[in-house]
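Enquirer: My structure is below; once you've seen it, I'll send some questions.
The values are calculated or read from the model by the stated rules, or taken from the named source; none is laboratory data. None of the values given here were measured: they were computed from a predicted structure. Note that each Cβ is placed from the backbone with ideal geometry, even for glycine, and that neighbours are counted across all protein chains shown.
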Amino acid sequence: NAGVMQNPRHLVRRRGQEARLRCSPMKGHSHVYWYRQLPEEGLKFMVYLQKENIIDESGMPKERFSAEFPKEGPSILRIQQVVRGDSAAYFCASSLGQGALGNTIYFGEGSWLTVV
Amino acid sequence: GENVEQHPSTLSVQEGDSAVIKCTYSDSASNYFPWYKQELGKRPQLIIDIRSNVGEKKDQRIAVTLNKTAKHFSLHITETQPEDSAVYFCAASISGANSKLTFGKGITLSVRP
């Protein structure tokens, strides 16, 4: 089991460009979560998705940020018109979503976005 | 929504001593409480978790205790080693529902050799 796979690991974007972060969940997992971590801060929830559905997006900024988890392919976190404040580590996590172990989530290695 | 708080924010112990990290939560419906360890530049890794039907769980040098009445849970690390130095996050959620994990802000544990 390859675990949660994220790419790119590091991404540099100029202000105003778009950033796309990809996440493939662990095999058999159908629930995906995105968290943002600013330097020396905790993990802030952004969005929770199941295949083709957004379950909870209460942590997503209202503008410029979007997420999807299509029927086929990885989950994508998209940030349009990036600003310096978007610089952070973006962690994806996945879970089975059901059963006794359904809530156990496993994190990917993260994608470090730097906006210059 | 759920609010999870961790105290203290930093903790320094001598190698071989025990370390205790405490968390409180606000939502009495929460019933799943994991702990994650994050080393610098790495991903958070699950080290132990507990569900509300038990009061304590142990795995080698690590244990977690839960007090549902007081809505707090603690991580206990015995015989600390320098490689235990990391940031530790507690979290809470409602098992069996479409519920996200809410994390505390983390505590930086330093183990002095």
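Enquirer: So is B:Lys42 over 29 Å from A:Cys92 (Cβ atoms), at pLDDT below 95 and charged (D, E, K, R) or not? Lay out the reasoning, then the answer.
Expert: On the way: over 29 Å from A:Cys92 (Cβ atoms): no; at pLDDT below 95: yes; charged (D, E, K, R): yes.
It is false that B:Lys42 is over 29 Å from A:Cys92 (Cβ atoms), at pLDDT below 95 and charged (D, E, K, R).
Enquirer: Residues of the range B:27-46 being surrounded by fewer than 19 Cβ atoms within 10 Å (Cβ to Cβ), of a type outside the set (D, E, K, R) and either under 24 Å from A:Tyr106 (Cβ atoms) or touching a Ser or Thr at 6+ places or on another chain (Cβ under 9 Å) (or both), which ones? Quick ask: steps written out before the conclusion?
Expert: Initially, the range B:27-46 is screened for residues surrounded by fewer than 19 Cβ atoms within 10 Å (Cβ to Cβ), giving B:27-29, B:39-42, B:45-46.
Imposing the further condition that a residue be of a type outside the set (D, E, K, R) reduces the set to B:28-29, B:40-41, B:45-46.
Of everything in the range B:27-46, those that are surrounded by fewer than 19 Cβ atoms within 10 Å (Cβ to Cβ), of a type outside the set (D, E, K, R) and either under 24 Å from A:Tyr106 (Cβ atoms) or touching a Ser or Thr at 6+ places or on another chain (Cβ under 9 Å) (or both) turn out to be B:Ala29, B:Leu40, B:Gly41, B:Gln45, B:Leu46.
Enquirer: Determine, yes or no, whether A:Gly16 is small (Gly, Ala, Ser), modelled with pLDDT of 95 or more and farther than 28 Å from B:Glu39 by Cα. Let's see the steps before the verdict.
Expert: Details: small (Gly, Ala, Ser): yes; modelled with pLDDT of 95 or more: yes; farther than 28 Å from B:Glu39 by Cα: yes.
So A:Gly16 passes the test.
Residues checked against (1) surrounded by fewer than 22 Cβ atoms within 10 Å (Cβ to Cβ); (2) away from chain B (no Cβ under 14 Å); (3) outside any loop (DSSP other than H, G, I, E, B):
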site	(1), (2), (3)
A:Leu11	yes, yes, yes
A:Cys23	no, no, yes
A:Gly28	yes, yes, no
A:Glu41	yes, no, no
A:Tyr48	no, no, yes
A:Glu63	yes, yes, no
A:Gln81	yes, yes, no
A:Ser94	no, no, yes
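Enquirer: Report yes if some residue within the range B:68-89 is within 14 Å of chain A (Cβ to nearest Cβ), within 15 Å of the chain's Cα centre (by Cα) and touching a residue at least 60 places away in the same chain (Cβ under 8 Å); otherwise report no. Before the answer, list the steps.
Expert: First pass over the range B:68-89, keeping only residues within 14 Å of chain A (Cβ to nearest Cβ): B:86-89.
When the remaining residues are screened for being within 15 Å of the chain's Cα centre (by Cα), the result is B:86-89.
Then drop every residue that is not touching a residue at least 60 places away in the same chain (Cβ under 8 Å), which leaves B:88-89.
Yes - at least one qualifying residue is present in the range B:68-89.
Enquirer: Please find, among B:Ser18, B:Ser110, B:Ser99, the residue that is surrounded by 14 or more Cβ atoms within 10 Å (Cβ to Cβ) and more than 10 Å from chain A (Cβ to nearest Cβ).
Expert: Just a single option satisfies the conditions, and that option is B:Ser110.
Enquirer: Does the range B:22-39 contain any residue that is closer than 30 Å to A:Arg9 by Cβ, more than 14 Å from the chain's Cα centre (by Cα) and either without any contact (Cβ under 8 Å) to a residue 60 or more places away in the chain or within 14 Å of another protein chain (Cβ to nearest Cβ) (or both)?
Expert: Within the range B:22-39, one or more residues are closer than 30 Å to A:Arg9 by Cβ, more than 14 Å from the chain's Cα centre (by Cα) and either without any contact (Cβ under 8 Å) to a residue 60 or more places away in the chain or within 14 Å of another protein chain (Cβ to nearest Cβ) (or both).
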